[in-house]
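K.L.:
Once you've had a glance at the structure underneath, I'll fire off some questions.
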Amino acid sequence: MSTGTPMAHYAAARRVGDFVFLSGVVAVNPATRSAVQSYEDIPEAARDALRPLGYVTGQMTVDIFEAPIVAQSWFVLDRIRAIAEEHGGKMDDVVKLVQYFRHLRDYAPYNRVRGLFYPGEPPVSTVVEVNRFLP
């Protein structure tokens, strides 16, 4: 399965000239079809990169609260990186991100993780809080 293979009937990415548009990059591992929920759901190299940011502490009482958003943030950004590379691009080529959060408080950890992928200036970003309860 390609990194950009969607889990539903839509194009995960489409090239139009020099542009590549991505849709629906979510924190679901396409190989297992399960949502990323913990640090164990991401590679050890990712956990190593997150430790200097104060994450992956090994303390259950800390990690249990931070792990879902931090691991999901890393996973989504890494998928964006991989899809961009499949189309001949790199993270520096990304010009806009739209992030959807159930809780806006999750933006702060996401923003710190995003710094791993964009150590300089990040792309233009739009943040949307979607707090409607989904069954």
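K.L.:
Could you list, in sequence order, all residues of segment 21-62 that are within 14 Å of the chain's Cα centre (by Cα) and on the phi > 0 side of the Ramachandran plot?
P.N.:
Correct list: 24 only.
K.L.:
I want to confirm something. Restricting to segment 71-99 and keeping residues that are assigned to a helix (DSSP H, G or I) and polar (S, T, N, Q), which single residue is nearest to the chain's Cα centre (by Cα)?
P.N.:
Out of the qualifying residues, it is 73.
K.L.:
Quick check on segment 88-124: of everything there that is at pLDDT 95 or above and of a type in the set (Ser, Thr, Tyr), which residue is surrounded by the most Cβ atoms within 10 Å (Cβ to Cβ)?
P.N.:
110
K.L.:
Which pairs turn up if I take residues in segment 114-135 that are within 18 Å of residue 78 (Cβ to Cβ) and look for partners that are exposed (fewer than 10 other Cβ atoms within 10 Å of the Cβ) and modelled with pLDDT of 90 or more with beta carbon separation below 7 Å, at least 6 apart in sequence or on another chain?
P.N.:
From segment 114-135, the pairs are 123/95; 123/96.
K.L.:
Applying the selection to segment 24-37, what residues are assigned to a loop (DSSP other than H, G, I, E, B) and surrounded by 11 or more Cβ atoms within 10 Å (Cβ to Cβ)?
P.N.:
24, 25, 26, 27, 30, 36, 37, listed by residue number.
K.L.:
Within segment 55-87, can you find the residues that are surrounded by fewer than 19 Cβ atoms within 10 Å (Cβ to Cβ) and among the aromatic types (Phe, Trp, Tyr)?
P.N.:
Residue satisfying the conditions is 65 alone.
The values are calculated or read from the model by the stated rules, or taken from the named source; none is laboratory data. These figures come from a predicted structure and were not determined experimentally. FYI the Cβ positions are ideal-geometry reconstructions off the backbone, even for glycines, and counts take in every protein chain you see.
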